[in-house]
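S.K.: If you scroll down you'll find the structure; I have some questions about it.
The values are calculated or read from the model by the stated rules, or taken from the named source; none is laboratory data. A quick note: this is a predicted structure, and the numbers were derived from the prediction, not measured. Cβ: placed from backbone, ideal geometry, glycine included. Neighbour counts: every protein chain shown.
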Amino acid sequence: MMRACAQDHGMDIYEFGEYIKDHPDVDHEIDQRIVAYGANTDGFVFESRLAWHWIPDSFKIVLT
């Protein structure tokens, strides 16, 4: 999701990481993309600490 957002903003992932530090509204954009993806896609895995929160029929697995 982050790579897609970076590409949409015309940046690589490292530039985008720096950009979002000064643009907190981008977090909302990413959250909305996660919601849309979860609503329209079945059978996927997100590597994220919080993505499960935005997808109601999901569950969280913690690997230690």
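S.K.: Within 11 Å of the chain's Cα centre (by Cα), among the hydrophobic types (A, V, I, L, M, F, W, C), loosely packed, with under 15 Cβ neighbours inside 10 Å and modelled with pLDDT under 90: is that true of L63 in this structure?
M.R.: Criteria not met by L63.
S.K.: Please work out which one of (1) surrounded by 15 or more Cβ atoms within 10 Å (Cβ to Cβ); (2) of a type in the set (G, A, S); (3) modelled with pLDDT of 90 or more is the condition A51 fails and give its number.
M.R.: A51 satisfies all of (1) surrounded by 15 or more Cβ atoms within 10 Å (Cβ to Cβ); (2) of a type in the set (G, A, S); (3) modelled with pLDDT of 90 or more except (3).
S.K.: So, one more: Out of segment 16-34, which residues are more than 9 Å from the chain's Cα centre (by Cα) and either outside any helix (DSSP H, G or I) or under 11 Å from M1 (Cα atoms) (or both)?
M.R.: H23, P24, listed by residue number.
S.K.: Give me the residue from segment 1-15 that is part of a helix (DSSP H, G or I) and in contact with a Lys or Arg (Cβ under 8 Å, 6 or more places away or on another chain) and, out of that set, surrounded by the most Cβ atoms within 10 Å (Cβ to Cβ).
M.R.: Looking at the filtered set, the residue picked out is C5.
S.K.: Right, next: How many residues are in a loop (DSSP other than H, G, I, E, B) and in contact with a Phe, Trp or Tyr (Cβ under 9 Å, 6 or more places away or on another chain) when one looks only at segment 35-47?
M.R.: Of the residues in segment 35-47, 2 are in a loop (DSSP other than H, G, I, E, B) and in contact with a Phe, Trp or Tyr (Cβ under 9 Å, 6 or more places away or on another chain).
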